[in-house]
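Colleague: My structure is below; once you've seen it, I'll send some questions.
The values are calculated or read from the model by the stated rules, or taken from the named source; none is laboratory data. Predicted model, so just to flag it, every value in this text is computed and none were measured. Backbone-built Cβ (ideal geometry, glycine too); neighbour counts: all protein chains shown. For the accessible areas, the whole protein counts, side chains as well, though only heavy atoms, and no ligand, DNA or RNA atoms are used. Shrake-Rupley method; radii C 1.70, N 1.55, O 1.52, S 1.80 Å.
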Amino acid sequence: MRRRLPDFDRYDYYHRAVQSSDMDCEFVEKAYRESRGRMPSFLREDFCGTFANCCAWVKRGRNRRALGIDLDPEPIEYGESHYRTKLKAEQAERIELINGSVLTVQVPQVDVVVALNFSYYLFKSRMMLKRYFKKARAGLKKDGVFIVDCFGGPDCQRENVEITKFKSFKYYWDQRGFDPITNEAKFEIHFKRKGEKKRENVFSYDWRMWTIPEIKEVMLESGFEKVHVYWEGTTRSGEGDGNFVRKVQGEQDCDAWVAYLVAEA
C-alpha cells in the first residue's frame, strides 16, 4: 500500500527551498564586522514572514535580540506556532514581532536592518523605495548597517523557469515575463512532491527589478554614508559558490547573478 504523504505545508517547503537562515545570519555578521569592526547584537528583519531569520539570530548568542515586521498576519502566526515554540524560553523572549507596515511602524533603533529575498522589490517607484530606505535609515543606531539582496542579469529579462531538485520534491522559480519600459516582472513559485501533481502558484510576486546603481543611489540619497556591493563568487562550472565578497566591479557576461548591498549609516 502506498504511504500517504503528509499535508502540504507551503511555508515549510518555501523555507526548505529558498531560505537558509544560518547562512543569512553569518553574512550579516560578516558584513557588519567588516564595516564596524565588531559583532552586532540587535537585528531588525523587515518583511519577516515566518521570522525564521529572527529565530536563527537569537540562537547565536545570549546578547542577541531580534525584531520582525510584516504586514501579513498569516506567516507571523505560522512562525509563532512552528518556529518560536522550538526555541528555548529565554531565546523566544528576545524576539519582538510587529504585524504592520515597514513604512509606518514606530520601533526602537537597531544595529542591523535587513530586507532579504528581494522583498522590497514590491516598491515599484523611486519615491516609494526612497521612503522605505529613509525609514530603514531612521531605524538604525549611529553605527548601524542596512542590508538588502538583489538579483539580475539577462536571464531575468525573459520568461524562464528554473527547476531545483531536492530529495523528495522539485522547486520551480517561474518568471512570467519582463517589461523593459517599467522593469517590472512577475514570478511564481511551484512545488512538485514525488507521487503528486505539480502545485501551481504556491507563491506569487509582482516586482520591479531594481538595478544595483539605482539601489545604491537611492540609499545614498536616503542618508547613508557608504554603500558596499558584495558579489558572489563562481565555481569552475560557472555556478554561484555562496561566497560573497566586496567588489567595485561585477563579473561580466553573467547571465544571472545575486548580490548584497550593505549601506552604512
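Colleague: Just checking: which of the helices (runs of 4 or more DSSP H) contained wholly in region 26-117 hold 3 or more residues that are out of contact with any Lys or Arg (no Cβ under 9 Å at 6 or more places or on another chain)? Break it down into steps so the answer makes sense when it comes.
Modeller: Working: elements: 52-58, 73-82, 89-92.
Ranges flagged: 52-58, 73-82.
Colleague: Do we find a residue being at negative phi, in contact (Cβ under 8 Å) with a residue 12 or more places away in the chain and touching a Cys at 6+ places or on another chain (Cβ under 8 Å) anywhere in region 186-202?
Modeller: Looking for residues that are at negative phi, in contact (Cβ under 8 Å) with a residue 12 or more places away in the chain and touching a Cys at 6+ places or on another chain (Cβ under 8 Å), one finds none in region 186-202, hence no.
Colleague: Then there's this: Among the residues of region 62-74, which ones are more than 15 Å from residue 101 (Cβ to Cβ) and open to solvent by less than 20 Å² (accessible area, probe 1.4 Å)?
Modeller: Listed by number, the residues that qualify are 64, 66.
Colleague: Within region 64-74, can one find any residue that is β-branched (Val, Ile, Thr) and in contact with a Cys (Cβ under 9 Å, 6 or more places away or on another chain)? Walk me through how you get there before you give the answer.
Modeller: In the first step, residues of region 64-74 are kept if they are β-branched (Val, Ile, Thr); the result is 69.
This time we only want the ones that are in contact with a Cys (Cβ under 9 Å, 6 or more places away or on another chain), so: 69.
Within region 64-74, one or more residues are β-branched (Val, Ile, Thr) and in contact with a Cys (Cβ under 9 Å, 6 or more places away or on another chain).
Colleague: Here's something else I'd like to know. Among the residues of region 183-236 satisfying the criterion of being in a loop (DSSP other than H, G, I, E, B), in contact with a Phe, Trp or Tyr (Cβ under 9 Å, 6 or more places away or on another chain) and among the basic types (Lys, Arg), which is modelled with the lowest pLDDT?
Modeller: Out of the qualifying residues, it is 194.
Colleague: Return yes when residue 248 is touching a strand residue (DSSP E or B) at 6+ places or on another chain (Cβ under 8 Å) and without any contact (Cβ under 8 Å) to a residue 24 or more places away in the chain and no when it is not.
Modeller: So residue 248 passes the test.
Colleague: Out of (1) open to solvent by 50 Å² or more (accessible area, probe 1.4 Å); (2) within 15 Å of residue 17 (Cβ to Cβ); (3) among the charged types (D, E, K, R), the odd one out for residue 197 is which?
Modeller: All conditions pass for residue 197, except number (2).
Colleague: Looking only at region 31-51, which residues are open to solvent by 20 Å² or more (accessible area, probe 1.4 Å), touching a residue at least 24 places away in the same chain (Cβ under 8 Å) and farther than 24 Å from residue 190 by Cβ?
Modeller: Going through region 31-51, the residues open to solvent by 20 Å² or more (accessible area, probe 1.4 Å) turn out to be 33-39, 41, 47.
Keeping just the survivors that are touching a residue at least 24 places away in the same chain (Cβ under 8 Å) gives 34-36, 41, 47.
Within region 31-51, 34, 35, 36, 41 meet the criteria.
Colleague: Here's a check for you: in region 237-265, which residue that is open to solvent by less than 40 Å² (accessible area, probe 1.4 Å) and assigned to a loop (DSSP other than H, G, I, E, B) is modelled with the highest pLDDT?
Modeller: 265
Colleague: Among the residues of region 158-175, is there at least one that is under 30 Å from residue 40 (Cα atoms) and either open to solvent by 70 Å² or more (accessible area, probe 1.4 Å) or of a type in the set (Ser, Thr, Tyr) (or both)? I'd like the intermediate steps shown before the answer.
Modeller: Within region 158-175, the subset under 30 Å from residue 40 (Cα atoms) is none.
Within region 158-175, not a single residue is under 30 Å from residue 40 (Cα atoms) and either open to solvent by 70 Å² or more (accessible area, probe 1.4 Å) or of a type in the set (Ser, Thr, Tyr) (or both).
Residues checked against (1) within 25 Å of residue 54 (Cβ to Cβ); (2) without any contact (Cβ under 8 Å) to a residue 24 or more places away in the chain; (3) in contact with a helix residue (DSSP H, G or I) (Cβ under 6 Å, 6 or more places away or on another chain):
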{"site": "95", "(1), (2), (3)": "yes, no, yes"}
{"site": "98", "(1), (2), (3)": "yes, no, no"}
{"site": "112", "(1), (2), (3)": "yes, no, yes"}
{"site": "122", "(1), (2), (3)": "yes, no, no"}
{"site": "143", "(1), (2), (3)": "yes, no, yes"}
{"site": "149", "(1), (2), (3)": "yes, no, no"}
{"site": "176", "(1), (2), (3)": "no, yes, no"}
{"site": "179", "(1), (2), (3)": "no, yes, no"}
{"site": "183", "(1), (2), (3)": "no, no, no"}
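Colleague: Go through region 213-236 and count every residue that is buried (at least 18 other Cβ atoms within 10 Å of the Cβ) and polar (S, T, N, Q).
Modeller: Result for region 213-236: 1.
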